[in-house]
Amino acid sequence: MKKNKKVVLAFSGGLDTSYCAIHLAKEKGYEVYTVAVNTGGFDEAEQKKLAQKASDLGIENHVCIDVEQEFYEKGIKYLLFGNVLKNHTYPLSVSAERVFQAVAIAEYAKKIGADAIAHGSTGAGNDQVRFDLIFNVLAPDMEIITPIRDMKLSREEEVDFLKKHGVEKEWAKAQYSINKGLWGTSVGGAETLTSHKTLPEEAWPTQIVKSDELKVELDFKKGELIGINGKKHDPVKAIKMLDKLAAPYGIGRDIHVGDTIIGIKGRVGFEAAAPLIMIKAHQLLEKHVLGKWQLYWKDQLGEWYGMLMHEGQFLDPVMRDIEAFLENTQQKVTGKLIVKLQPKNFELIGIESEFDLMQSKHGQYGEMNQGWSGDDVKGFTKILANATLIQQSVQNND
């Protein structure tokens, strides 16, 4: 007797992936394996709830793959090293984690010998490209099935289909869509579909309950956050602890406007207290310990790294090249940052580092120097002016 083909379905438990699960099993005859991938957004209770949702749909094979540590080591770490904020605003909270979810799903599909991979993306956003791109690289021989996108299904059609197959559930659309991960939480709603409205207070996952000022000390070692307030932690735990301290102040909230991979403008709210504080603190520390050309080229390559990550190009070999550069720049990025937290704002007070270049014995900005004389500066500036002087004299005779 011929066995049914296996399909691995990226599963969130929502309407779209629930439809896909039933459609693939009942109408297409696949043996469906549902997979959820934890990039820092699922606790144990949420993982159990997802497994129950899959079971309720008749799915016998469900797994939750935890890639939180890998997400940090192979992704977040380099986003921090590169001080990546897309359009100077967004720390790639969701776009980066989608890449790691897709990689985990593709690897799992190969492990079980699946014939196809499916996801519930529509044809309107970035995720469809990110998932398809990773699957095409890592599992090129597997079919990619996207029922919602291909069939252009309406919400009502999906609900009617599920009811027809005995899935009686309240599928009322949530007013706001929330996607939580280790590197931040995205928030989408009616307001983010406009260009002029902001999200109301109740839309934010973390409410503002702190009003007092709080000073926090952050310890960085070779570019990584490894301690808070004098206590050492592994970087993943440190991120969570900083977020727990800062998010109740309403820090890290913003709305990002950017260009999608498919060429249309997109707008999304996010809260990312720890990522924004860490990036700005890390950047300040770098200003003290790195040279100007290191800082310049880091800015260029960090921008490229973030753009390629956002567009799902994580597997391109150039990403490993940029990572090698970024990691090499972090050898002296060690020290303490003092940050003051207050409602909806944080202030970088200053740094302490044994590698601080402001400690130079040769001179202090605006003060006396020990490394050169006034005549040295006169000769230096005369030579420095020479190229411009020649161009002015030769070309500006009119």
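Note on the range 1-42: among residues that are assigned to a loop (DSSP other than H, G, I, E, B) and among the hydroxyl-bearing types (Ser, Thr, Tyr), the one that is farthest from Leu162 (Cα to Cα) is Thr39. Looking at the range 293-306, can you tell me whether even one residue there is in contact with a helix residue (DSSP H, G or I) (Cβ under 6 Å, 6 or more places away or on another chain) and within 30 Å of Arg130 (Cβ to Cβ)? For the range 293-306, residues in contact with a helix residue (DSSP H, G or I) (Cβ under 6 Å, 6 or more places away or on another chain) and within 30 Å of Arg130 (Cβ to Cβ): present.
On the basis of being at positive phi, in contact (Cβ under 8 Å) with a residue 12 or more places away in the chain and not polar (S, T, N, Q), does Gly113 make the cut? Taking the combined requirement at face value, the residue satisfies it. I'd like the residue in the range 215-230 that is charged (D, E, K, R) and in contact with a helix residue (DSSP H, G or I) (Cβ under 9 Å, 6 or more places away or on another chain) and, out of all such residues, is nearest to Glu352 (Cα to Cα). Top of the filtered list is Asp219.
In summary, no strands (runs of 3 or more DSSP E) completely within the range 213-264 bear 2 or more residues that are of a type in the set (A, V, I, L, M, F, W, C), open to solvent by 60 Å² or more (accessible area, probe 1.4 Å) and over 30 Å from Gln128 (Cβ atoms). Number of residues in the range 175-188 that are assigned to a loop (DSSP other than H, G, I, E, B) and either closer than 26 Å to Ile65 by Cα or touching a strand residue (DSSP E or B) at 6+ places or on another chain (Cβ under 7 Å) (or both): the value is 3. Can you tell me how many residues within the range 147-161 are more than 26 Å from the chain's Cα centre (by Cα) and either open to solvent by less than 20 Å² (accessible area, probe 1.4 Å) or of a type outside the set (D, E, K, R) (or both)? Residues in the range 147-161 being more than 26 Å from the chain's Cα centre (by Cα) and either open to solvent by less than 20 Å² (accessible area, probe 1.4 Å) or of a type outside the set (D, E, K, R) (or both): 7 in total.
The values are calculated or read from the model by the stated rules, or taken from the named source; none is laboratory data. Note that the coordinates shown come from a computational prediction; the quantities given were computed from them, not determined experimentally. Because the Cβ atoms are built from the backbone with ideal geometry, glycine has one as well, and the counts that use them run over all protein chains shown. We work out accessible area using only protein heavy atoms, side chains counted, and drop any ligands, DNA or RNA first. Shrake-Rupley method; radii C 1.70, N 1.55, O 1.52, S 1.80 Å.
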